[in-house]
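Participant: Handing you a structure now.
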Amino acid sequence: MMRHKLREKFKEFKNTMSFSKRLFASFFAVMIPLLVVISVFFYIFMNKSSKDSTANMMLQVLEQTKGRVEYIFSETEYLSRNIIYDEDVQKMLKEAADGNAYPEEQDVKYFINSFIVNREYMDSVVLLSHDNTVFSTEKATTSVSSMENMKKKWWFSYLDDSNQPFQWFTSAKDEQKQEKYPKSMMLTRIIRSTDDYKTPLGRMMIYLNEAYVEDIWSDIQWGKTLNVWVLDENQEILCQNVQDKDYFECLRSVYDSENFDRNKKIYSEVIKYEGKSYVAGAEKFDNHQWSIIMIVPLAEVAQNRSMIYFQICIMILMTLLIIVIAGFVISRNVSRPVECISEIMDSYHDHRDEEADYDKSHWQKVIRTFEMRNDEIGKIYRSYEQMVQRVDYMIKEMYVKDLEKKDAELALMQSQINPHFLYNTLDSINWLAMVNGQDEISEMVTALSDTFRLSLRRSNSPYIKISQEMEYIDSYMVLQKIRFEDRLQYVSVVSDDVRELYMLRFVLQPIIENAIKHGISSREQGGKIEISFEIDGDRLIVDIVNDGAEIDLQQMENILSFDTDTDTFLNFKQQGYGLQNINRRIKIVHGVSYGVRYFVIDGEKTLCRVTLPVIEKDVEAKDYTNKYAGGQSDEVSVNDEARMGDNDEI
């Protein structure tokens, strides 16, 4: 149940996300796994580099330490050769061999002391005859110099077993051999007579200074628990440092591993032992089959590992920041055109004109950019424009068909009236009025006859000469003056140039009728109606002025509001049907910059201004129909610029 709710919540959240957020989330979802992969590879690379760097550091420490240790052993061996072949030493041992219990040792003492005085790594030198100590830099009673004490040492029984010119013994001062942490080391040589180099005269022993060796270990400032061993050719420990932790078992695993090559001169790598990482290194001595081995935990010496982790964290954070910024910029750049097209579609009815922050010039620039694009976004916008034009064409075509239907109905009604019968009847009424002296009735019948004649005139053109339109208005006004008598005054000013121009049929009569009904008739004293024409460039201005200022301009503005781009222009408001029809006919035929507007003059009069184009010749009915459906004629054109103009007055 909980999983279902979470799934539904996630779906709801996903469905409410904007396109740019979806794009950003998709980009983020792709880049995060890539970041993880890069981070893993970077960690592996840096970790390997760190291990290689640590292994190289091990080689340097090995080389330095091996040099110091090997120097002690080599120098001790070299000095031991000088001692056993010295004339005074040979002489003293020969005298002891001849039975002299106290041979002269002054020269020998001077000679040997001169050797060890500046060599701190030497602790003591002892010379033995076959059964006694003949010389020692130590006191005669010490465990080092006393023959009786020497015989108790673990190594004494091994002195005659070797055919080597010299021997090294560890734990030399101990009676038992120490397998771990042996402290004292001793070199021993058989002293043979220089007469034949065969006759043994005695033996020499050189003890190394334990403190000096410990100083060598202490000078290695690399790791807190570094273990160092010096192994002989039999892999036995000659000496080692003493630490809190013993890695001897780890040493055995290194020697037992398949990767360890004992023939290598120098060796260093990072190994695993019991789940922990260690740095192990080994190097052979130049003059011996010995080797020095070091093992230290990787965590103690790889101090740059913490820096690696820090660098990885910094890299991840920086990469995340770059991904976020890049994702935002890319999603913004990719989604912005789609959002613009969505807003353009939403503003199809131009609702944004009412918003204060709407920048029309900006949107015109955006639209021009879309028109110039050749990618999918440009194709979508051009397809949308084509669809809008098609919809506009279909809407206007429907409107034209509706007008044609109404015209057909009107024509049907007109055809049902026999003009000859009507004219003959009116003529008879007029004759009877004249016979009976009823001049007023005769005038009314004549005006009515003229009105019928002008309104029922058969023509395929929607246009009429202004002179003919004014004849119709004059006849209509004759009838109205008879009705209102002296309460109605009528004046029309039409120049000869204007009389020859053309305008849409039946535009003025509904406006004048509206002025009489809502202006003159409501005034007890009546009023005056003035009609004037003026040519202003390519526009014809028709002003109808009547007395009275009781008109509600806001209401008239709402009644006459009309946009040719909307899909509701076939629906008329309940009030002012005639005025709406006139205004919409003008805007549909001539463009939104033309139409009907109302003003109040000085708070006393009402002005209705009709703005029309200047048309100098008649237009055929077929041109009228094409123009209604979105086409253009030579005389009157409805272009996009006029349709999208900035005129917001009615």
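The values are calculated or read from the model by the stated rules, or taken from the named source; none is laboratory data. Please read these numbers as outputs of a predicted model, since none were measured by experiment. Positions of Cβ are backbone-derived with ideal geometry, glycine not excepted, and every protein chain shown enters the neighbour counts. Surface accessibility is based on the protein's heavy atoms, side chains included, excluding ligands, DNA and RNA. Shrake-Rupley method; radii C 1.70, N 1.55, O 1.52, S 1.80 Å.
Participant: Any of 177/272; 94/198; 91/173; 48/264 with alpha carbons more than 24 Å apart? Name them for me. Show your work: numbers first, answer last.
Facilitator: Values: 177/272 31 Å; 94/198 13 Å; 91/173 29 Å; 48/264 22 Å.
With Cα atoms farther than 24 Å apart: 177/272; 91/173.
Participant: Pairs to check: 396/605; 517/605; 528/587; 109/183. Give those whose C-alpha atoms are more than 25 Å from each other in this structure. Show your work: numbers first, answer last.
Facilitator: Numbers: 396/605 37 Å; 517/605 15 Å; 528/587 29 Å; 109/183 27 Å.
Going by Cα-Cα distance, 396/605; 528/587; 109/183 fall outside the 25 Å limit.
Participant: Per 0.36 nm of contour for each residue apart, how much would the distance between residue 549 and residue 210 grow if the chain were fully extended, relative to their Cα-Cα spacing?
Facilitator: Numbers: separation 339, 0.36 × 339 = 122.04 nm, distance 12.69 nm.
Using 0.36 nm per residue and subtracting the Cα-Cα distance, I get 109.4 nm.
Participant: Let me ask something else about it. In square angstrom, rounded to the nearest 10, how much accessible surface does residue 137 have for a 1.4 Å probe?
Facilitator: Here the residue's solvent-accessible area equals roughly 50 Å².
Participant: If you don't mind, there's one more thing I want to ask. Find how much the distance from residue 180 to residue 151 grows on full extension, using 0.36 nm per residue of separation minus their present alpha carbon separation; answer in nm with one decimal.
Facilitator: Numbers: separation 29, 0.36 × 29 = 10.44 nm, distance 2.27 nm.
Using 0.36 nm per residue and subtracting the Cα-Cα distance, I get 8.2 nm.
Participant: OK, next. From the residues 209, 237, 248, which one has its Cα farthest along the dipole of the range 157-294 in the positive direction, the dipole being from +1 and -1 charges on Cβ of Lys/Arg and Asp/Glu about the Cα centre?
Facilitator: With unit charges placed on the Cβ atoms, the residue in question is 209.
Participant: Sticking with this structure for a sec: When the dipole is taken about the Cα centre of the range 108-242, and only Lys, Arg (+1) and Asp, Glu (-1) are charged at their Cβ, what size is it in debye, to the nearest 20? Provide the component values of the computation, followed by the final result.
Facilitator: Details: 15 positive and 19 negative charges, 49 e Å.
Computed about the Cα centre, the dipole is about 240 debye.
Participant: Still on this structure: Between residue 496 and residue 312, with labels modelled 7 Å along Cα→Cβ, what's the label distance in nm to one decimal, could you check?
Facilitator: Each label point is offset 7 Å from its Cα along the Cβ direction, giving 10.3 nm.
Participant: Greater than 27 Å separation of Cα atoms is the criterion. Which listed pairs, 152/224; 51/284; 66/224, meet it? Working shown, then result.
Facilitator: Numbers: 152/224 38 Å; 51/284 22 Å; 66/224 19 Å.
Where the Cα-Cα span goes over 27 Å, the pairs concerned are 152/224.
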